[in-house]
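Working notes for the structure below.
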Amino acid sequence: METATAEPARLIPLPQPAPRVAGPSIRVEGDQLIVERLVIADAVLARSMADRPPDDRPAFVERALRIGLLALQDASTSVDVDLVRREFETLLERTTRTNEEAAQALQLTLREHFADGEGRLPKTLEQFLGDRSGLRAYVNDLFDESKRDSAIGRMRTLLGSYLEGDDSKLASLLDPTRLGSPLHQFRGEVAAGFEKVFEKLAALEKAAEVRGRERAKQAAKGADFEDLLEPILGEIARGNGDLLDRTGTETGDVMKSKKGDFLLTIDPRQTRGAELRIVIEAKDRAISGRAMRDELRAAKENRSAAIGVVVFSPAHAPTGIAPFDVRAGDVYCVIDPEAPDAATLEAA
């Protein structure tokens, strides 16, 4: 008889629960409202906010939140007033209906228990509870809207002092020009907010002007570096039978793109008739590695080039590329404007 062998025990890892993302936190500290981790999932608002500069977004969101809260507060006040009016009208209708039902019920009950034909009691009740009774006249007078001394007239006068006209208490509360109005402070805050916005716009305009002057200086400096490289590259091209074009001011294959400062076309005799192009970028300014890779990729696409070469000045060259190096399929080299070395550039 064969004995069954037990399978070895296995440890099965249990699935780990997904980390819980904390929801938004809203705190009120003194006269400050603090909102943390607030996420609004709205594609239209996200695109609208993406079009704004990052520096403008905090002030814009703060102003939108402030205006929205104040608008909701104002709407809540209007809703409360309308609610009071609707509730009062409902109460009035209910009271009138209840009085009529009570009068009818009482009339039927008394007639049922005390009816005696032309007796005194039915006649007396008819005088008080009939269609032309004094009770109905009293009720009509009490709720007659055309009379100022009726309950409705007095209520309308009372509510009118609070709700109707420019001199009403509600109008005084909502007038931002009145010193005691709740909106007076809001008006001051809005005015102060606009002042800050104007100051910030002026600062941004001034900064943009400064950056424009700096870019103009850098562009002029870059043009000087291109002027230095052009004769060296031209001599190298002539020695090898190649063709060199300075293309920094010309639009390439990509619409409205002028990427690629120089374009070197290799002699077809060396490429068995194939057209081989090398795009050359001159950089006499600081640029990140990622930005440089993106610019070389765009320049190769714009000039239909297979290889990209970037020539740095020593002050702005990345670490470890002197005299030249190959990175991500492109060639990086360093040329000193004070002592340009044609051999290094030709080797690169």
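The values are calculated or read from the model by the stated rules, or taken from the named source; none is laboratory data. Small disclaimer: the values here were computed from a predicted structure and weren't measured. Backbone-built Cβ (ideal geometry, glycine too); neighbour counts: all protein chains shown. Quick note on the areas: whole protein, heavy atoms, side chains included, nothing else; ligands and nucleic acids left out. Shrake-Rupley method; radii C 1.70, N 1.55, O 1.52, S 1.80 Å.
Quick notes on this one:
- Filter pass, residue 300 being part of a loop (DSSP other than H, G, I, E, B), out of contact with any His (no Cβ under 9 Å at 6 or more places or on another chain) and open to solvent by 20 Å² or more (accessible area, probe 1.4 Å): no
- When segment 308-342 is filtered for residues that are of a type in the set (Val, Ile, Thr) and within 42 Å of the chain's Cα centre (by Cα), the ones remaining, listed by number, are 309, 310, 311, 319.
- The set of residues in segment 33-51 being free of Cβ contacts under 8 Å to residues at least 12 places away in the same chain, open to solvent by 90 Å² or more (accessible area, probe 1.4 Å) and in a loop (DSSP other than H, G, I, E, B) consists of 40, 41, 51.
- For segment 257-267, a residue qualifies if it is assigned to a loop (DSSP other than H, G, I, E, B) and over 15 Å from residue 295 (Cα atoms), and the qualifying residues are 266, 267.
- Index of the failed condition, residue 254 passing every other in (1) part of a loop (DSSP other than H, G, I, E, B); (2) within 18 Å of residue 233 (Cα to Cα): (2)
- Residue within segment 333-347 that is in contact with a helix residue (DSSP H, G or I) (Cβ under 8 Å, 6 or more places away or on another chain), open to solvent by 20 Å² or more (accessible area, probe 1.4 Å), free of Cβ contacts under 8 Å to residues at least 24 places away in the same chain and within 17 Å of residue 244 (Cα to Cα) present: no
- Looking only at segment 262-287, and only at residues there that are within 49 Å of the chain's Cα centre (by Cα) and small (Gly, Ala, Ser), the one that is surrounded by the most Cβ atoms within 10 Å (Cβ to Cβ): 282
- Tally, over segment 1-60, of residues that are over 30 Å from residue 185 (Cα atoms) and modelled with pLDDT under 80: 23
- Checked against the criteria, residue 317 counts as farther than 24 Å from residue 243 by Cα and buried (at least 16 other Cβ atoms within 10 Å of the Cβ).
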